[in-house]
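Below is one structure, written out as structure tokens, with a few remarks after it.
The values are calculated or read from the model by the stated rules, or taken from the named source; none is laboratory data. Here the structure is a predicted model, which means the values were calculated and not measured. A quick note on method: Cβ atoms are made from the backbone with ideal geometry, for glycine too, and the neighbour counts reach across all protein chains shown. For accessibility, only protein heavy atoms count, side chains too; no ligands or nucleic acids. Shrake-Rupley method; radii C 1.70, N 1.55, O 1.52, S 1.80 Å.
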Amino acid sequence: MTQGALHFRGIDPFTEQSLEFWVVDGRITFEPVASAETAVDGGWIVPGLVDAHNHVGIAPGLDVTIEQARQSAYADARAGALLIREVGSPLDTHPLDDDPLCPRFIRSGRHIARPKRYMRGYSVDLVDPADLPAEVARQAADGDGWVKIVGDWIDREVGDLAPLWDRDTLAAAAAAAHDAGARITAHVFGTDALGDIIDAGFDCIEHGTGLTADLIDKMVEKLIALVPTVIQVDNFPGIAAGADRFPVYQANMLSLHAGAGEVFGAAREAGVAMFAGTDAGGFVTHGRIVDEIEALVDLGWRPVDALAAASIEARTWLGAGGLAEGDRADFLVVGEDPRERISALRSPAAIVCSGR
């Protein structure tokens, strides 16, 4: 008998086939283990959910400690998010990798922005935009295969959202990321920054509420992904309400919110790869991955497709494994078929994180 071995048997909701495996030392194996304890026999087994846009190292205010970040990570894990793509944090959350009760992390280092063009204290702010490629290389070294830049933000002199970088600088930044073996993504709310970012060869867009039909077609052509953060977009009216000094920006944010459903629907219909992400850490509290999955269903997605965008498809995109031989044992067991009722994810029979 292997010490601590556990046996699981259930149904794969994506194939409808029986699924049986064992967990040994926190890893999945399909080699039977004699006398292993059967932990689960029945139900639907779902690979650990993926929050593809999350900030464990950010909370309202600054100076988040590693222990505060740990509690945020625990909240995400309790909701079933067992893989987090942390797209920007002023706190180095690598110490959480040693905690088996935390999700697995894939990080992008700190946000990269310009002075006074992002939330104060969160980003590395470059006075000279020509320094962007070198900073991208530094953040790639600090991350786990991703880099994140701020593509647009309010420019108080303009009074509206405006790009932070020109096309040549963005192209050099994308090349620097790819040379470092990393992928690069950009925060973008509006429309004006998107064309240059897409043409520069970025790998992903975060939010993307300003996408137009021609930009969507380019994303499909260039295999650029989108993480729409639907529950964060729901906060746009509240953001606009606090921007009375900038009426053009205020109106733009309200317009982007009003059109977001149509934009996201068009992106999906065109074939843009889309993944679930909550943007937890600021306006959005941690532990809301199921809210984001339900928001995708509310946009017209089939429950099974929304579930895939937050599990097997996102894991494939991130190269993170799922329920294969040797993969980290991160999965949910759901007593009710989530394809029939996606809210069943809110009350799983078991959440297994790193085999525990």
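Of all residues being of a type in the set (Gly, Ala, Ser) and touching a strand residue (DSSP E or B) at 6+ places or on another chain (Cβ under 6 Å) in the stretch 311-340, which is nearest to GLY80 (Cα to Cα)? Just the residue, please.
Kept after step one, since they are of a type in the set (Gly, Ala, Ser), are these residues of the stretch 311-340: 311, 314, 319-322, 324, 326, 329, 335.
After this cut, where a residue has to be touching a strand residue (DSSP E or B) at 6+ places or on another chain (Cβ under 6 Å) as well, the list is 311, 314, 320, 322, 326, 329, 335.
Working: SER311: 10, ALA314: 14, ALA320: 16, GLY322: 14, GLY326: 20, ALA329: 13, GLY335: 14 Å.
The extreme case among them is SER311.
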Kindly provide the set of residues from the stretch 299-352 that are touching a helix residue (DSSP H, G or I) at 6+ places or on another chain (Cβ under 6 Å) and open to solvent by less than 10 Å² (accessible area, probe 1.4 Å), ordered by number. ALA306, ALA310, VAL334, PRO338, LEU345
Would you point out the residue of the stretch 141-171, among those that are under 22 Å from the mean Cα position of the chain (by Cα) and acidic (Asp, Glu), that is surrounded by the most Cβ atoms within 10 Å (Cβ to Cβ)? ASP152
Which residue pairs have Cβ atoms under 7 Å apart, sit 6 or more places apart or on different chains, and have a first residue in the stretch 129-149 that is over 13 Å from ILE184 (Cβ atoms) and a second that is in a strand (DSSP E or B)? ASP144/PHE105; ASP144/ILE106; ASP144/ARG107
Taking the condition of being part of a helix (DSSP H, G or I) and buried (at least 17 other Cβ atoms within 10 Å of the Cβ), how many residues in the stretch 237-260 meet it? 9
Given (1) over 19 Å from the mean Cα position of the chain (by Cα); (2) under 22 Å from PRO133 (Cα atoms); (3) open to solvent by 10 Å² or more (accessible area, probe 1.4 Å), ALA174 misses just (3)
Show the residue pairs that are 6+ apart or on different chains and have beta-carbon atoms under 7 Å apart, the first residue being within the stretch 226-245 and of a type in the set (A, V, I, L, M), the second being in a loop (DSSP other than H, G, I, E, B) and buried (at least 20 other Cβ atoms within 10 Å of the Cβ). LEU226/GLY208; LEU226/VAL272; VAL227/PHE275; VAL227/GLY277; ILE231/THR278; ILE231/ARG288; VAL233/THR209
Out of everything in the stretch 25-75 that is of a type in the set (S, T, N, Q) and under 24 Å from the mean Cα position of the chain (by Cα), what residue ends up being least open to solvent (accessible area, probe 1.4 Å)? ASN54
